[in-house]
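Visitor: Got a structure for you, written out below as C-alpha cells; questions coming shortly.
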Amino acid sequence: MTDIEQHLADLEDRGLYRRMRLVSGPQGARVLLDGKPVLVMCSNNYLGLADHPRVREAAADAARRWGVGSSGSRLISGNMTVHRRLEKRLAEFKGTEAALLFGSGYLANTGIIPALTQPGDVVFSDELNHASIVDGCRLSRAEVFVYDHGDLEHLAWGLRQARGTGSLIVTDSMFSMDGDFAPLEGIVELAHQHDARVMVDEAHATGTTGPGGRGAVAAAGLTNEVDVIVGTLGKSLGAYGAYVACDTQMARYLVNVARPFIFSTAPAPPVAAAAAEALEILIEEPRRVQRLRQNSELFRRELNRHGFEVDPTGAHIVPLITGNAESAMKMTETALERGVFAQGIRPPTVAPGLCRLRLSVMASHKQDELRAAARVLAAAAKGVGFTPDTGMPGEFAPPARFIEDTDDQDGLASVA
Ligand SMILES: Cc1ncc(COP(=O)(O)O)c(C=O)c1O
C-alpha cells in the first residue's frame, strides 16, 4: 500500500472520506443532485443570485465585451475597467474609501494577514475562525494567539501579555459553521486600548446582515473602526472572488505587499461583471435580505417545533450538532433519500466530536419547503437516535415541474 492509499483507507475507516456529488444545471434552492431532484439546505447562495437572469446576462455580456480571461496579475497585465468599476461600487456599498478585489476569500485571507504582520508580531485569532484565516496566520510567520471563541476576557488577557508588540486581531463576523456573531464592539474597544489593528471577515454576513446586507460591521456602526473588512463574492453575491473594503492607504499597501494579489491572475471579467450585477440587485432589492431573515426565523421556529434546540432568533446558518461523523453522514443520507440535501460537516472543518449538519436558509426558499425540510430533518434525526418530536416523518415532495436539466449529466455521478 502506498502512503496515499494508506491515508485514503484511514480516512474511510474514520468516517472522514469525502466525495463530491454531481449537480446538473444551475445552483438554486432545488437542484438535480446525482440525478435526483432535491431541496438544497446547505448552499451559500443565500440570496438565490447565482442563477439570476440579470447576473447570467451580465456575465455573458462581459464575455462578449472583454473576453473570458484577465490574462494575469493586474500589476503586470493591467487593470481592467470591469475590475475598477466593481471595486468602486463595493467601496460605495460598504462605505469605505476603497475596495480591492482578490481571486477568492481564501486568497484574501492568506494574503492579508501575512501582509499586515511581521515575524515577532502577534495575531489574535478566534478559535472558530475559517480555515483560510488559520492558514493566513500560519503563513504570516507571526506568533498566533488563538483566543476562546468570542471570549473578550481571553483576548484581553492575550493582548496584555503581548504588550508592546505589533498586533492584529482577526475574526469572522458571522461564524461560518455556527451562524453566531463575533463581539465586534468589544474587539474594537480592546484594539483601541492595545493599539492593535482589526480585520473582520464578513464572508457570511455580506448580503445577509446589517443595513441592506452591508454586513455586521456596518450594523454595529464600526466601519471606520475596522482596518480591513473582507467580503466574498461567491456566497450571497452568487459569483466568485472576494474583496477587501478599507481606506485608500491600506488598499495601496495591499496592492504592493499581499502576495495573492501580486502573484495570482485577476478575477475573470465575466465573474467580476456578474458580481457587480448581483451587487446592483442587492442594492435595488433589500427585500431579499428581509426575506432571508423571515425565512431563517420560520425555519428555526419549525426546527424548534420538531424538538431541535435552536435559537429562534438566530441567523440563516443553523448547525444541528450530531457529535460523531457517522451520525452526521447517516442523517445526511436519510434526509437525501427524502429529497433534502443537508451536507454533513466533519473534521477538519469542525472539531472532532462536533460534527454536524450545517444548514443554511436561502431567500429563495419557499416557506412550505422550509417546513418540509424541518420535518424531514426531524425524521432523519430520529434515525440516528435523536429524539426530537418529529410528528409525521414527511417525505419532501419534488414539485410537479422540476427543472429537468439533464443535458450535462455525463454519467459521472461522483468522483469515487
Ligand atoms: C468565513 C470565510 N472566509 C473565507 C472563505 C473563503 O472564501 P472563498 O470561498 O471565496 O475562497 C469562506 C468560505 O467558505 C468563509 O466561510
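Visitor: As an exercise: evaluate T334 against (1) in a helix (DSSP H, G or I); (2) at pLDDT below 95 and give the number of the one condition it does not meet.
Guide: It fails just one condition, (2).
Visitor: Checking S70 against (1) more than 16 Å from the ligand (Cβ to nearest atom); (2) of a type outside the set (A, V, I, L, M, F, W, C); (3) surrounded by fewer than 20 Cβ atoms within 10 Å (Cβ to Cβ); (4) closer than 21 Å to A276 by Cβ, only one condition comes out false. Which one?
Guide: Here S70 meets the rest and fails (3).
Visitor: Of the numbered conditions (1) touching a Leu at 6+ places or on another chain (Cβ under 7 Å); (2) more than 22 Å from N45 (Cβ to Cβ); (3) assigned to a strand (DSSP E or B), Y243 satisfies every one except a single condition; which is it?
Guide: (2)
Visitor: Under the condition of being within 16 Å of the ligand (Cβ to nearest atom) and of a type in the set (F, W, Y), which residue from the stretch 155-182 is nearest to D311 (Cα to Cα)?
Guide: Selected residue: F181.
Visitor: Tell me the residue from G234, G238 that is among the small types (G, A, S), in contact with a Phe, Trp or Tyr (Cβ under 6 Å, 6 or more places away or on another chain), within 15 Å of the ligand (Cβ to nearest atom) and in contact (Cβ under 8 Å) with a residue 12 or more places away in the chain, please.
Guide: Checking each option against the conditions leaves just G234.
Visitor: Got at least one residue in the stretch 214-225 being over 19 Å from R89 (Cα atoms) and open to solvent by less than 40 Å² (accessible area, probe 1.4 Å)?
Guide: There is at least one residue in the stretch 214-225 that is over 19 Å from R89 (Cα atoms) and open to solvent by less than 40 Å² (accessible area, probe 1.4 Å).
Visitor: It is to be established whether one or more residues within the stretch 48-62 are within 16 Å of the ligand (Cβ to nearest atom) and not charged (D, E, K, R).
Guide: Scanning the stretch 48-62 turns up at least one residue that is within 16 Å of the ligand (Cβ to nearest atom) and not charged (D, E, K, R).
Visitor: Can you find, within the stretch 183-207, the residue that is farthest from the ligand (Cβ to nearest atom) among those that are within 15 Å of the chain's Cα centre (by Cα) and among the small types (G, A, S)?
Guide: G207
Visitor: Do we have G210 as in the same structural domain as L116 (by TED's automatic domain parsing), touching a helix residue (DSSP H, G or I) at 6+ places or on another chain (Cβ under 8 Å), within 13 Å of the ligand (Cβ to nearest atom) and more than 29 Å from A328 (Cβ to Cβ) here?
Guide: No: the conditions fail for G210.
Visitor: Something else: Residues of the stretch 117-132 being within 16 Å of the ligand (Cβ to nearest atom) and open to solvent by 20 Å² or more (accessible area, probe 1.4 Å), which ones?
Guide: E127, L128, H130, A131
Visitor: Further, regarding this structure: Determine if the stretch 219-238 includes at least one residue that is more than 22 Å from V318 (Cβ to Cβ), among the hydrophobic types (A, V, I, L, M, F, W, C) and part of a helix (DSSP H, G or I).
Guide: No, because not a single residue in the stretch 219-238 is more than 22 Å from V318 (Cβ to Cβ), among the hydrophobic types (A, V, I, L, M, F, W, C) and part of a helix (DSSP H, G or I).
Visitor: Given the residues V289, V198, V230, which is the only one that is in contact with a helix residue (DSSP H, G or I) (Cβ under 6 Å, 6 or more places away or on another chain), open to solvent by less than 10 Å² (accessible area, probe 1.4 Å) and farther than 23 Å from G103 by Cα?
Guide: V289
The values are calculated or read from the model by the stated rules, or taken from the named source; none is laboratory data. What you see is a predicted model; the values in this text were computed from it and never measured. Don't worry about glycine lacking a Cβ; one is built from the backbone with ideal geometry, like all the others, and counts go over all protein chains shown. Accessible surface is based on the protein model in full, side chains and every heavy atom, while ligands, DNA and RNA are left aside. Shrake-Rupley method; radii C 1.70, N 1.55, O 1.52, S 1.80 Å.
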